[in-house]
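Just below is one structure, and these are the notes that go with it.
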Amino acid sequence: MAYFEVNKVFKHFGGLAALSGVSFGVEQGQIYGLIGPNGSGKTTMFNLINGYFPLTAGKILLEGREISGMKPFRICQLGIGRTFQVVKPLKRMTVLDNVIAAGFLRTESKIEARSLAEEIIEFCGLTRQKDKIAKSLPIASRKRLEITRALATKPKLLLLDETAAGLNPTELDEAVALIKKIRDSGVTIIIVEHIMKVIMTISDRILAINQGVVITEGTPKEVASNSHVIAAYLGEDYSA
């Protein structure tokens, strides 16, 4: 049994099948990539994992325990944190206060929440910006704040949804370094990312989906050379 499992998951929105029988397993300590064209169901999968959407059918398990049907706050308490594709910090609050707010999931003490927040802020390289108002941050720092807030909930499994989008080459390298640092700290990661340089560099294994159906699963090299993956991204003319 894998550390985290998605077992034959279906999600329908009325007559639209967003996901159809998707299954995969993630081992503890892995960085597991999830790729697919726009609209393929990647963010829907994250919304099912963290309880934002109910499943139509199937099961999701963490450490052998079914979490399907649980409320998002309960799933977060059990150790699944996430970032969002569109970052929405508490704009009028400082970086520090944003992270303190997330830390209250684990403690009712403001002193403890502040201590945790300062530790995570330093870990993520935001110490110099901790007293800045969140809405004043550039996009790279906002994305880093999004990760920092998620880490303040002390996740065992972290879902990263396009955290590298909109970054320049230097910022991309810094983002990759941070993701590896998080993994090395003992957090298992599932990452959705369109930038192939990122996903192929850091993932141990990758699941490719298209139109809600699994195309293939394997190592980055295996997935990158799969003709069905190439066709999904570039068109049939490139898959020969």
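Here, each number is a calculation from the coordinates, and none is a lab measurement. If you're wondering where the values come from, they're calculated on a predicted model, not measured in any experiment. Heads up, the Cβs are rebuilt from the backbone with ideal geometry, glycines too, and the neighbour counts pull from every protein chain shown.
Quick check on region 1-157: take the gyration tensor over C-alpha atoms, sort the square-rooted eigenvalues as a ≥ b ≥ c, and tell me if it's rounded (a/c under 1.5), prolate or oblate. Write down the numbers at each step before the final one.
On the way: a/c = 2.25, a/b = 1.73, b/c = 1.30.
Prolate shape, in that a/c is at least 1.5 and a/b is the bigger ratio.
Which whole-number percentage describes the relative contact order of region 1-68, with Cα contacts under 8 Å and a sequence gap of 6 or more? Please report the intermediate quantities before stating the final value.
Details: 113 pairs, mean separation 27.8, N = 68.
RCO, region 1-68: 41 percent.
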Here the membrane-span-like helices of the chain, with no claim about any membrane, defined by DSSP H, Cα axial extent at least 20 Å and mean Kyte-Doolittle at least -1.0, are 169-184
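At a 10 Å Cβ-Cβ cut-off, how would you order Phe53, Phe73, fewest neighbours first? List each step's numbers first, then the result.
Details: Phe53 17, Phe73 12.
Listing Phe53, Phe73 from fewest to most nearby Cβ atoms yields Phe73, Phe53.
Which of the peptides 140-146, 222-228 is most tightly packed, and how do the rest follow, going by the mean number of other Cβ atoms within 10 Å of each residue? Before the final figure, lay out the partial values.
Numbers: 140-146: 21.9, 222-228: 15.4.
My ranking of the peptides, most packed first, is 140-146, 222-228.
Return the calculated 222 nm mean residue ellipticity for the chain, to the nearest 500 deg cm²/dmol, obtained by summing -39500 (n - 2.57) across DSSP H runs with n ≥ 4 and dividing by the residue count. If you can, show how the numbers build up before the last one.
Numbers: 9 runs with 87 residues, N = 240.
Taken over the chain, the calculation gives -10500 deg cm²/dmol.
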Within region 190-225, find all residues whose amide N lies under 20 Å from a label point positioned 7 Å from the Cα of Lys88 along Cα-to-beta-carbon.
192
Cross-link pairs Lys11/Lys180; Lys8/Lys71; Lys71/Lys221 - those with Cα-Cα distance over 26 Å:
Lys11/Lys180; Lys71/Lys221
Modelled label-to-label distance, Lys181 and Ile139, 7 Å Cα→beta-carbon offset: nm?
2.2
Heads up, region 1-46 by the C-alpha gyration tensor (a ≥ b ≥ c square roots of eigenvalues; a/c under 1.5 rounded, else a/b over b/c prolate, else oblate) looks oblate
Rounded to the nearest 5, what % of DSSP beta bridges with both residues in the chain are antiparallel?
55
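If you take the beta carbon distance between Asp204 and Ala231 as r and set R0 to 22 Å, what does 1/(1 + (r/R0)^6) give as a FRET efficiency, to the nearest 0.05?
Numbers: r = 24 Å, r/R0 = 1.11.
Once the sixth-power term is evaluated, E becomes 0.35.
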Modelled label reach - Glu222, point 7 Å along Cα→Cβ, region 25-47 residues with backbone N closer than 17 Å
25-28, 30-35
To make sure I understand the rule: partners must be lysines, Cα under 17 Å from the Cα of Lys130, and not fewer than 8 residues away in the same chain. Which ones qualify?
Lys88, Lys91, Lys110, Lys143
With a ≥ b ≥ c taken as the square roots of the eigenvalues of the C-alpha gyration tensor of region 85-240, please select rounded if a/c is under 1.5 and otherwise prolate if a/b is larger than b/c or oblate if it is not?
prolate
